[in-house]
Each structure stands twice: as C-alpha cells, then as structure tokens.
1. Run the simple label-point estimate for SER252 and LYS283 please: 7 Å along Cα→C-beta, distance reported in nm.
2. With the contact rule set at Cα under 8 Å and sequence spacing of 6 or more, what percent relative contact order holds for the stretch 143-199?
3. In whole Hz and in residue order, list the ³J(HN,Hα) couplings for the stretch 265-282 that follow from phi through the Karplus curve 6.51 cos²θ - 1.76 cosθ + 1.60, θ = phi - 60°; x for Gly and Pro.
4. Rounded to the nearest percent, how much of the accessible area of the stretch 32-77 (1.4 Å probe, protein heavy atoms only) is carbon and sulfur?
5. Could you give the accessible area per residue of the stretch 145-197, probe 1.4 Å, as a whole number in Å²?
6. Classify the stretch 28-72 from the C-alpha gyration tensor, please: rounded if a/c falls under 1.5, else prolate or oblate depending on whether a/b exceeds b/c.
7. Using a Förster radius of 30 Å, what is the FRET efficiency between TRP51 and ALA267 based on their Cβ-Cβ separation? Nearest 0.05, please.
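The values are calculated or read from the model by the stated rules, or taken from the named source; none is laboratory data. Model, not experiment: these values are computed from the prediction. As a convention, Cβ positions derive from the backbone with ideal geometry for all residues, glycine included, and neighbour counts pool all protein chains shown. Each accessible area value is taken on the protein alone, full model and side chains, heavy atoms only, with ligands, DNA and RNA left out. Shrake-Rupley method; radii C 1.70, N 1.55, O 1.52, S 1.80 Å.
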Amino acid sequence: MYARLSLRGAQYAGAFLAINLIVTGCSTLSGESKVAKTTKGSVYLKDIADWSFEASHPATIDQMTIRTVVKGVAIEDATKPLSNMPASGSKPMRVFSDEDAEFLAPLLAQGLSEAKPEQIVGFKVFSSAGSGAEPTAGTLYVHKGSLYLTIASAQANKRQRFSLPAAARIEKAPSFVAMGKGAMTLVIDYQAIAKASAPGSVVATDVPKDSASSVASTRVAETLPSRDDEASLDPSETSAHPRTEADALQLSTDELLNRKLDELRAAREANKLKDSEIATLKKEATLVKKELRQRTDEIKALKASKASAPSAPKKKTAEAHRTR
C-alpha cells in the first residue's frame, strides 16, 4: 500500500514539474525576454540566430542621449529631394512624440545594459503622435560605437531622416531585424549626439539661415530640429525648458563623475607604478645587504685565520764576545 502511494506521489510530482517546464520554457523557446510591458508599449530582448552577428553588448548609454535619438527620428515623402524643400512642400513628421521618447528612453537604456552580444532590443509603442491604432515597432542595438535603429515601415513612399544628418546615415536593414520588406536602418553616432546635447554646445543642423538666429537664442540641450521639423511639432512639445535644464544638470553631474573616475584610475595607475618601483628598490637593497654581509663574513674569516696562524720564531740577535 505504501509503495502504491509513493509511486502515485512521484507521478504527480513529475507531472507538476513537466507543467512548470512547459510554462516557463515558452519564453525561452520564443527567443524573447521582456524588459517591460505596459499599456503604452513594451520593450524586450530578442535572440539573433545569425552566427555572424555580434553586438557590442552590454552597452551603457545615458537616457538623455537615447531620448535625443528617439526624438530626432522623422519621416518624409520619398519623392522629395534630399535638399531643403520649398515652404509649400510636405513637411517631415516626427515618428515619436515627447511622451513616446520619455517612455522609451529609460527602457531602451535598460535593455542595452542587459542585452547579450547575440541579442538586440526590440520595442513597440502606441504613439500619441500618430493617427492610427497600430503601434510603432522597431529594434535597437549597438555595434562598434554606433546605434543601429530600425523602425518598421508603416507607410508607403516614406523615408526616414534624422535631425542631425552629420551624425547619422541610412542603410538597408539586415534581415535578422525582421522589420518588413524595404525597412531601412539609421546608423547613429551616439557619442556625437551626446556631445551635441551637452550644455553650451553648438549644434550644426539642417536649419535654414533665416531661422538660425531664433533657434540659437533658445540654447536648449536637445538636438535642434530643422525649421520644417519645428513647423510640424506641437507647441506644447517644444516648450520643455525645465526638463531640458534638469537633463543638462544631470549630464554635467555625470561628466563630473566621469572626470573624477578618470582621475581615480590615473591615481591608481600611478600608485601601481610607484609600488613596482618601491618593490624594485627593496630587491636592490636586499641584494646590497646580502653582498655586504658576505664581505663582512669574508673579512672576519680572514682576520680569524691570521689570528690562529702560528707566529714565526724570533731570530736571536747576534752578541759580540770579547776575545782574549
């Protein structure tokens, strides 16, 4: 009877473990792991099966830089020439609103810091700036000092652009990002973006001369959009001075911290060099002491041998005797 009960208990335990493995293994088999998921959108890590792919992960990029990158992505009519269009033409539209950028920036930064070299960061966000109900999907990863941002093409005859053309280029999206046919990838120099976003920096964007003076007077830390971008933005999105000042203060604090860390590393390296020099001097001093001891012992031995040697007999002095 006890044998039957123990056998039945073992069967129940095996079934329970199998169910747990099936439930917990679903996310593993799908190759995705969630970073965050809300009603606004989701951010997740996606495994790449391509063995030739290797990202520079984990990567640490501050939220302000990622926020600037997200805000700088726009779409425009593909039939429009690359040069500045006339005022009567269609204006480029930002892909992500300020609300979208605030939602994505910390989660994308977290995803990049947790991603492995064989993973990319995927995201979906229900944009408040768009008119449709479909979310905007995309992927992000770091490779050799650049951010590779791919956004699913939801509209035909549209192409992507970036608010700071000197820091980005556009190329065909790789197949492993799976963002649909004709998807393009923005390759962004995020270090240049971080420098351009620093307080007091002069940012060269594609702003016409007649609006350059008005843009320069704002002195915001965010990347400056062109006049066409400004016309397409909501006024409430362009008046974020308190947030910009807070971000600038945070960036200056980070720069100060990085400078102090560099000084600490330099001091440690100097201490290591001094320690090695001290160790070398100690070794030399030890050798000199050893040599001095050997010479002292030799001198003592020589003195002892001289003292123990028998002294030579003294010769008798000649005496003169008187002869008769």
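1. 5.0
2. 46
3. 4, 5, 5, 5, 5, 5, 5, 4, 5, 5, 4, 5, 5, 4, 5, 5, 4, 4
4. 52
5. Counting only protein heavy atoms, the per-residue value for the stretch 145-197 is 49 Å².
6. Oblate, because a/c is 1.5 or more while a/b does not exceed b/c.
7. Efficiency computed from Cβ-Cβ geometry: 0.10.
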